[in-house]
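Reviewing the structure listed below.
The values are calculated or read from the model by the stated rules, or taken from the named source; none is laboratory data. Keep in mind that what you see is a predicted model, and the values were worked out from it rather than measured. We place every Cβ from the backbone using ideal geometry, glycine too, and count neighbours over all the protein chains shown. These accessible areas exclude ligands, DNA and RNA; they are computed on the full protein's heavy atoms, side chains included. Shrake-Rupley method; radii C 1.70, N 1.55, O 1.52, S 1.80 Å.
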Amino acid sequence: MEVIVKENYEEMSKFAAQLIAEVVRKKPRAVLGLATGSTPIGTYKELIRMHKEEGLDFSQIVTFNLDEYVGLPPDHPQSYRYFMNEHLFNHINIRMENTHIPNGMAKDLKAECEKYEQMIKEAGGIDIQLLGIGANGHIAFNEPGSSLSSRTRIKTLTEKTRQDNARFFDNEINKVPKYAITMGIGTILEARKLILLASGENKADAIARAVEGPITAQCPASVIQFHRNVVVIMDKAAASKLKGNYPDTPAELRL
Ligand code: PGA
């Protein structure tokens, strides 16, 4: 596990975008695993800049998002489909049919989950998976207590997560959906490379538990310690409760 502490959100975002761009350049048909939330917005901004100014080409790229709320249609401003179109897909040369987000409106949600797993497999698996972390240690919507080998499925959101996300729903927790479809922890661990991002002091506890704590379903993000190719990138505030000293550049640049 490589842990990198950047000075601030902007530097964290630029570095994450560089890692993703590297994969896109090396493998034009790469499969990217993408995340929503406040944290990856800066990374997407930088990828858009690279597309516009440097010609970073997404024309053959395939994407799979981690999760989607149950019951929100794609044109709902808080749906993750809407988020991805707004923050990334509408601004790069990706083919919309190559972008995948679980369908939270599916009549048969269980079948939708199985289909999602199947589509990831058929695409050849995920080359690089971007992850945020919840203040409660969740990754995607795998809340504390999730099976560490879980697959794509419906999860009930915890009160804490719904409170954290109420800011996007006029601060009304009742408007926050109660369920989501989420890739499982087992699904996420199968990606060839993981990048976990964290910014801000309210993530410091979760990061300390994920990076330096024991592996436990009580902090689903701690499972990254099992993965053989993971980079955790954070700003100083998110790193403030780590005991170890971590560099601001990856190993290969320090040689
Ligand atoms: P955030 O969410 O990026 O909006 O903080 C991250 C998460 O809950 O996984």
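Which of the strands (runs of 3 or more DSSP E) contained wholly in segment 140-200 include at least 1 residues that are open to solvent by 10 Å² or more (accessible area, probe 1.4 Å), within 16 Å of the ligand (Cβ to nearest atom) and in contact with a helix residue (DSSP H, G or I) (Cβ under 8 Å, 6 or more places away or on another chain)? Break it down into steps so the answer makes sense when it comes.
Numbers: elements: 153-156, 179-182, 194-198.
Those strands (runs of 3 or more DSSP E) do not exist here; none qualify.
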(request) Filter segment 201-218 for residues that are farther than 16 Å from S149 by Cβ and outside any helix (DSSP H, G or I) and give the result. (result) G213, P214
(message) Of the conditions (1) under 18 Å from the mean Cα position of the chain (by Cα); (2) more than 20 Å from V23 (Cβ to Cβ), L109 satisfies every one except a single condition; which number is it?
(response) (1)
(request) Look at Y179 and say whether it is over 22 Å from L130 (Cβ atoms) and touching a residue at least 60 places away in the same chain (Cβ under 8 Å). (result) yes
(message) Let me confirm something: among L34, L72, L19, which residue is open to solvent by 10 Å² or more (accessible area, probe 1.4 Å), touching a residue at least 24 places away in the same chain (Cβ under 8 Å) and within 16 Å of the chain's Cα centre (by Cα)?
(response) L19
(request) Show the residue pairs that are 6+ apart or on different chains and have beta-carbon atoms under 6 Å apart, the first residue being within segment 207-218 and on the phi > 0 side of the Ramachandran plot, the second being surrounded by fewer than 19 Cβ atoms within 10 Å (Cβ to Cβ) and not in a helix (DSSP H, G or I). (result) none
(request) From the list N90, N103, pick out the single residue that is surrounded by fewer than 16 Cβ atoms within 10 Å (Cβ to Cβ) and away from the ligand (no atom under 16 Å from the Cβ). (result) N90
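Regarding N65, is this residue touching a residue at least 12 places away in the same chain (Cβ under 8 Å) and under 30 Å from K155 (Cα atoms)? Explain how you work it out, then say what you get.
Numbers: touching a residue at least 12 places away in the same chain (Cβ under 8 Å): yes; under 30 Å from K155 (Cα atoms): yes.
Answer is yes for this residue.
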(message) Condition check: within 25 Å of K14 (Cα to Cα), of a type in the set (S, T, Y) and open to solvent by less than 10 Å² (accessible area, probe 1.4 Å). Does S222 satisfy that?
(response) yes
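Would you mind stating whether N85 is closer than 18 Å to F168 by Cβ, away from the ligand (no atom under 15 Å from the Cβ) and either crowded, with 18+ Cβ neighbours inside 10 Å or within 20 Å of the chain's Cα centre (by Cα) (or both)? Write out each step before concluding.
Numbers: closer than 18 Å to F168 by Cβ: yes; away from the ligand (no atom under 15 Å from the Cβ): yes; either crowded, with 18+ Cβ neighbours inside 10 Å or within 20 Å of the chain's Cα centre (by Cα) (or both): yes.
For N85, the condition - closer than 18 Å to F168 by Cβ, away from the ligand (no atom under 15 Å from the Cβ) and either crowded, with 18+ Cβ neighbours inside 10 Å or within 20 Å of the chain's Cα centre (by Cα) (or both) - is met.
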(message) Looking at (1) within 15 Å of the ligand (Cβ to nearest atom); (2) surrounded by fewer than 17 Cβ atoms within 10 Å (Cβ to Cβ), which one does L130 not meet, given that it meets all the others?
(response) (2)
(request) Being away from the ligand (no atom under 16 Å from the Cβ) and assigned to a loop (DSSP other than H, G, I, E, B) is the filter here, so list the residues in segment 219-239 that pass it. (result) H227, R228, N229, K236
